[in-house]
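A.B. asks: Here it is, the structure, as structure tokens.
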4 protein chains.
Amino acid sequence: MLRNKIPVGILGATGSVGQKFFSLLANHPWFEITALAASKQSAGEKYHKLVKINRNDPNENSYGNFRISECQPDLPCRIVFSALDASVAGEIETLFAENGYIVVSNARNHRFHEKVPLLIPEINSDHLQLLAHQSWSGGKIVTNPNCSTTGLAIGLKPLLDTFGIEAVHVVTMQAISGAGYPGLPAMDINDNVIPFIGGEEDKMEREPQKILGVYRDAKIYQADFTLSASCNRVAVLEGHLESISVKLKSGASEDRIINAWQTYSGLPQKLKLPSAPKQLIHYFSDDDLPQPRRQRDLENGMAVSIGRLRPCPIFDYKFTLLVHNTLRGAAGGAILNAELMVAQNLIAV
Amino acid sequence: MLRNKIPVGILGATGSVGQKFFSLLANHPWFEITALAASKQSAGEKYHKLVKINRNDPNENSYGNFRISECQPDLPCRIVFSALDASVAGEIETLFAENGYIVVSNARNHRFHEKVPLLIPEINSDHLQLLAHQSWSGGKIVTNPNCSTTGLAIGLKPLLDTFGIEAVHVVTMQAISGAGYPGLPAMDINDNVIPFIGGEEDKMEREPQKILGVYRDAKIYQADFTLSASCNRVAVLEGHLESISVKLKSGASEDRIINAWQTYSGLPQKLKLPSAPKQLIHYFSDDDLPQPRRQRDLENGMAVSIGRLRPCPIFDYKFTLLVHNTLRGAAGGAILNAELMVAQNLIAV
Amino acid sequence: MLRNKIPVGILGATGSVGQKFFSLLANHPWFEITALAASKQSAGEKYHKLVKINRNDPNENSYGNFRISECQPDLPCRIVFSALDASVAGEIETLFAENGYIVVSNARNHRFHEKVPLLIPEINSDHLQLLAHQSWSGGKIVTNPNCSTTGLAIGLKPLLDTFGIEAVHVVTMQAISGAGYPGLPAMDINDNVIPFIGGEEDKMEREPQKILGVYRDAKIYQADFTLSASCNRVAVLEGHLESISVKLKSGASEDRIINAWQTYSGLPQKLKLPSAPKQLIHYFSDDDLPQPRRQRDLENGMAVSIGRLRPCPIFDYKFTLLVHNTLRGAAGGAILNAELMVAQNLIAV
Amino acid sequence: MLRNKIPVGILGATGSVGQKFFSLLANHPWFEITALAASKQSAGEKYHKLVKINRNDPNENSYGNFRISECQPDLPCRIVFSALDASVAGEIETLFAENGYIVVSNARNHRFHEKVPLLIPEINSDHLQLLAHQSWSGGKIVTNPNCSTTGLAIGLKPLLDTFGIEAVHVVTMQAISGAGYPGLPAMDINDNVIPFIGGEEDKMEREPQKILGVYRDAKIYQADFTLSASCNRVAVLEGHLESISVKLKSGASEDRIINAWQTYSGLPQKLKLPSAPKQLIHYFSDDDLPQPRRQRDLENGMAVSIGRLRPCPIFDYKFTLLVHNTLRGAAGGAILNAELMVAQNLIAV
């Protein structure tokens, strides 16, 4: 391990989000993987036995012989990235926090704990003030939102700041990678759309209000707009597309909205965090953009792409938004959360 | 030709909608194809040279040696089904009407002519009263709506009748067959969604109000609800899926809405027209239906499938709707229009 | 139950092949489903709870309330169609045969039992003479080949009869439905080809020689040509495509080969069995046919399509062949086997 | 332009191969684009009007305002990369060669000119000796093979050198990008395989013998093995997969074959050319690799992946091979050709 890297572990390292954490962290300038943990059944196996690592990437290859640990709070690291399934994440993450670990979680379990930030570093970095009020023994828990929510919240934030928002109507067309692995049978999704994703609409209708809420006195006061979400699964490998209509409070015009998106920037851009996109929101004036396959990898999958802003006969405006669901919307977003905490000196090392 | 069948022709017989007309009419109990017309360049060729007919279907095979005619009003038939491109449909359809033909058109050109019905037989058969006020010399023109509109209008009609509608917000996920042939390059649409279909949103935002309007004194008074449409193309071969939110006027509940759909029936059902579905609207209570591949062929592609009715935090209710775009939404819909006209004795033969 | 229908059961009725059996048998003119059997865990449940039946098909719907039985030889039927997994099929099928049932199996377990026909009714109906030599107490077992083998054997039979075969080289591009349900994750197969199907190459390299072998004195003498198979999975829903090269013994020309295919006919055609295609092999002279999506449903999926016959620089000739894997290659093939047995009076009822 | 870069132009810069040349050359360490040429109709337009350049890549963006030239031999460059269509490539490439340009062509027209190398730098760099015998006035023409041939020839070369080859049988499953843009309609290829690619089998059956031939006395003596190719198009975006059987002359074993592939290296590796893969051939011992989506981008798409080596009952061995068709098999291969010529001092600048 390099002397100046921070030792990190991955909880749930063998699942699909866990593997995404692995490949992003295997090459990370600040973090060094020192533990790969998974279920009891996997413990003791070499990582490359259970996961197809990229042997052509020397960074990944060097971890192939790591033995998988159990998810017990004796891992030799400071930060744990949690890619655990919701069925076990709550308990295990709490256990790690109580044992002094920094838990950076992609799971949904702690997202609505009142002292846990539901963090998107460009949007609500001030919510990290909640950490001072967490009561786990020395440890901390930070969560990132659901993949679809992440894109939506980023697209809404500049509108909220500039014009105010009254209502948001969103219909998603989500990639199959969002369902993990094995996820959807090809027999179900090929030449098809599935108009249902379990639990997704609830998450999308609740999370943005906390993310876009206001921190005051150790508490988040939720944003008060109404939100309706309808979620569909399409035969796309990566990249969630969203058809969004918004009712704003005042003063919007197409030019002003595009300007609000294009000039929006946050702490990660200012601090030049390793995973931060240079430009958070890319606006496309082409008729038919953004498209999942064409824009999802923009800025290493960490930017959000928007296009097709136009008047809505019912709401004020409608537009199309794209977010890379497993990068910005999951592992990449969580790593950016950890980078921000490091840069803010919130992680004693 | 059988003595008792009505001679019909197809204008634009070599295109993708024209071919759909062909295969439906080659087996039709009331109609007999007596003319296949296309552009000047195709005229004189045998049909099977330009179009892959199904030689295993004796009905189709018997037409393979037909010579293609030009689109001139000297075709030996009473009805012409128009699958012409909008760039030429207006002029040619008018020419045929002026020469005494019944023009049953799938093209958009005459849809907003104030004396031309925009017809869905189960919804607005009374609009056929407009025919008496058309002033072409003996001929008549009837149109069917855009494919996405057709499904939407069918889903809305029972709601309009029972509760009244104030606003409709629809986001579509449309099949590639809607773009005709060759249509979309696989390099564009595979592993992708294209959030734009030229002209489609305009059609969807204008056509339902005419279809659902009221006929009085030789005029259609448009329905007065507001409509917002966002149209996307997905990698599905056939079947347009629509995420719909509606604001109703009064008295709705989930049970009453489902009941309104399931009990809705129109003249085609009463008259048992050959192409009419037995049940116009099928409601599915499964979490994840309707789906394009699973329900599109229901009742030979002439039924509309609906599911996922649930409250909408912004509007009153939201639901998912599926329509077979090239059957109910194009050729099949037009043929049902012609069947209704025959059954109503509007076509002198 | 209709008085004159033969009572049949399905073993493994809830799996993907079992469901295909169900939908074909629910509408069958000679057979009546009287038992649906599956694993102990499913036993007692209503069929429609575990399987999505087609409620719009009155034939299917009438079976929805059937209770699933265990696979014990007390089912109220004469024939059992086995769609069991190979891990349990051997034992259960033997048990049923020993208890007097006619077992018509799609599983691989008994295919190489020396007294069990590996039957394709058009190819080797004389192999049914083996039944007289089976020694289960009153019951009988008949198997159909692997899906890819079925198409291959049908394409080869007329060549073997007319010219003799020395060697066959086949590369397959197989549909995902061949892997059952859930089968392949969309994350694995979309925008991809998987050049491996476990056990498939072995089956394809062994089964054709038995099918095309000669029955004499209670024994099958295997055909003696060499066969090499390479199997690939492609993102197609139904229909296995095969690139085949053959070395023939004598007298072949393109015209003679095509003629051999087109004039080939078997007992099912002569007896007009309900599931028999009128024409077993359809030859297409178009450059680019057969194609899975365009020809798979030919003759209700029971015909085999061939095209692109041309000289091979190494072998004599090469061509492309298509077979519907879940119809002709699985459930449909097995049902045709049973029909032949009934027509041959091999099933006392 | 940087002082030490070689000025290059692209002929046919707006087509799909031309665009691939553009994006590879816009970032090239040795070459600088100084001309973008296309058909007369496009001439005069800004490049970004006709082609979607990547504005986020500063290298690409700087060329967006380039005006497109006609394909006339007055372009301000030393090398022209030809991505021209075969219908015009022959004449235009000759014209440029006669006017002193180095023509590095991806078109098929000059591939069988007896003084033109059909070059794969790792395989037959000695064929560049032909250049001294070309008789165009100062200019030179070098070609790269068809995309499928490129992968095949690379896989065969170590076998030819080590064991000798008697016969090769190949069946391809080729990506849709090989058909250019717009290429295949999604309505044709989705949920389908097309067992035909015009002209492809001829190219694959002729080109390898020249590539693998021996240079002596200003002439190429073709390799003398027999080759049979069957070409199929599958719904994959990039990456041609090939099922190959080979008959070798002597001394082969699985271990020796794998060793021959893994130790094979050529001049580009020795000279560390910018586009050369470090390891030309990657052998995978996994059951189910290589796969187009998983391995196509290996070494920036310039390596060839092989797996599944096993005995063939007819030939000696069979295996599966993957090549990135638009990188190694087209634009990337051509650029590597030019790099080799520069490194060999064959281009006076």
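No value in this document is a laboratory result; all are computed from the given coordinates. Small disclaimer: the values here were computed from a predicted structure and weren't measured. Every residue, glycine among them, receives a Cβ derived from its backbone with ideal geometry; neighbour counts consider all protein chains shown.
A.B. asks: Please report, largest first and rounded to whole Å, the three semi-axes of the ellipsoid equivalent to segment B:1-119, where each semi-axis is the square root of five times an eigenvalue of the C-alpha gyration tensor.
C.D. replies: Each semi-axis is the square root of five times an eigenvalue, giving 23, 16, 13 Å.
A.B. asks: So, one more: Distance from the Cα centre of segment D:33-99 to that of segment B:1-74, in angstrom?
C.D. replies: If we compute the Cα centre of each part, the gap is 46 Å.
A.B. asks: Let me ask you something else. With n ≥ 4 as the cut-off for DSSP H runs, can you work out [θ] at 222 nm for chain B, using -39500 (n - 2.57) per run divided by the number of residues, rounded to the nearest 500?
C.D. replies: Helices in chain B give a 222 nm mean residue ellipticity of -7500 deg cm²/dmol.
A.B. asks: Which GluC sites (Glu not before Pro) in segment B:76-160 sit in a loop by DSSP (not H, G, I, E or B) and have at most 14 other Cβ atoms within 10 Å of their own Cβ?
C.D. replies: B:GLU114
A.B. asks: Next question. Which number comes out as Rg/Rh for segment D:20-87 once both Rg and the Kirkwood Rh are worked out on C-alpha atoms?
C.D. replies: 0.94
A.B. asks: Please tell me the relative contact order of chain C in percent, rounded to the nearest whole number, where contacts are Cα pairs under 8 Å and at least six residues apart.
C.D. replies: 17 percent
A.B. asks: Assuming a ≥ b ≥ c are the square roots of the Cα gyration tensor eigenvalues, decide whether segment B:147-325 counts as rounded (a/c under 1.5), prolate (otherwise, with a/b larger than b/c) or oblate.
C.D. replies: rounded
A.B. asks: Over segment C:147-325, what is the relative contact order in percent, taking alpha-carbon pairs closer than 8 angstrom and at least six residues apart?
C.D. replies: It comes to 29 percent, rounded to a whole number.
A.B. asks: Can you sort D:CYS231, C:CYS77 so the residue with the fewest Cβ neighbours within 10 Å comes first?
C.D. replies: C:CYS77, D:CYS231
A.B. asks: So which residue, out of A:ILE141, A:ILE281, A:ILE53, gets the largest mean-square fluctuation from a GNM of chain A using Cα contacts under 10 Å as springs?
C.D. replies: Result for chain A, Cα springs under 10 Å: A:ILE53 fluctuates most.
A.B. asks: Something else about it: Looking at chain D as a GNM with Cα springs under 10 Å, which of D:GLY15, D:GLY64, D:GLY139 has the largest mean-square fluctuation?
C.D. replies: D:GLY64
A.B. asks: Next question, about the same structure. In segment C:19-103, which trypsin sites (Lys or Arg not before Pro) fall in coil by DSSP and have 13 or fewer other Cβ atoms within 10 Å?
C.D. replies: Filter output for segment C:19-103: C:LYS40, C:LYS52, C:ARG55.
A.B. asks: Which of the residue pairs B:LYS140/B:LYS247; A:LYS20/A:LYS49; C:LYS52/C:LYS272 have a Cα-Cα distance greater than 28 Å in the structure shown?
C.D. replies: In this structure, B:LYS140/B:LYS247; C:LYS52/C:LYS272 exceed 28 Å between Cα atoms.
A.B. asks: While we're on this one: What per residue convex hull volume, in Å³, comes out for chain C when only alpha-carbon positions are used?
C.D. replies: Once divided by residue count, the hull of chain C is 133 Å³.
A.B. asks: Report the Stokes-Einstein translational diffusion coefficient (µm² s⁻¹, integer) for the protein assembly as shown, Rh taken as the Kirkwood radius over Cα pairs, at 10 °C with viscosity 1.306 mPa s.
C.D. replies: The calculation lands on 46 µm²/s.
A.B. asks: Shifting gears a bit: Distance from a point 7 Å along Cα→Cβ of B:ARG67 to each backbone N in segment B:29-51: keep the residues under 13 Å and list them by number.
C.D. replies: From segment B:29-51, the list is B:36, B:43-47.
A.B. asks: Sorted from shortest, what are the nm distances separating the label point of A:PRO7 from equivalent points in the other copies, each placed 7 Å from Cα along Cα to C-beta?
C.D. replies: Ordered by increasing distance: 6.0, 7.1, 9.2 nm.
A.B. asks: Need one value for C:226-238: mean number of C-beta atoms belonging to other chains within 10 Å of its residues' C-beta atoms.
C.D. replies: 6
A.B. asks: Anyone know which of B:SER135, B:SER245, B:SER105 comes out most mobile in the 10 Å Cα GNM of chain B?
C.D. replies: Ranking B:SER135, B:SER245, B:SER105 by mean-square fluctuation puts B:SER135 first.
A.B. asks: In square nanometres and to one decimal, what's the mean projected area of the convex hull around the Cα atoms of segment A:303-349?
C.D. replies: For segment A:303-349, the mean projected area of the Cα convex hull comes to 4.8 nm².
A.B. asks: Normalising by the residue count of segment B:4-125, find the relative contact order in percent from Cα pairs under 8 Å and 6+ residues apart.
C.D. replies: Relative contact order comes out at 26 percent.
A.B. asks: Sorting check: for A:201-208, A:169-176, which peptide has the highest mean count of neighbouring beta carbons within 10 Å, and how do the rest follow?
C.D. replies: Going by the mean number of other Cβ atoms within 10 Å, highest first, we get A:169-176, A:201-208.
A.B. asks: On to the next question. Averaged over its residues, how many other protein chain Cβ atoms are within 10 Å of peptide B:292-299's Cβ atoms?
C.D. replies: The per-residue average across the peptide is 3.
A.B. asks: A further question on this structure: Rounded, prolate or oblate: which fits segment D:220-285, taking a ≥ b ≥ c as square roots of the Cα gyration tensor eigenvalues, rounded meaning a/c under 1.5, else prolate when a/b beats b/c?
C.D. replies: Rounded, since a/c falls under 1.5.
A.B. asks: Please give the Cα centre distance for segment C:150-218 versus segment A:245-312, rounded to the nearest Å.
C.D. replies: 51 Å
A.B. asks: Take every residue in peptide B:144-151, count the Cβ atoms of other chains within 10 Å of its Cβ, and give the average of those counts.
C.D. replies: 0
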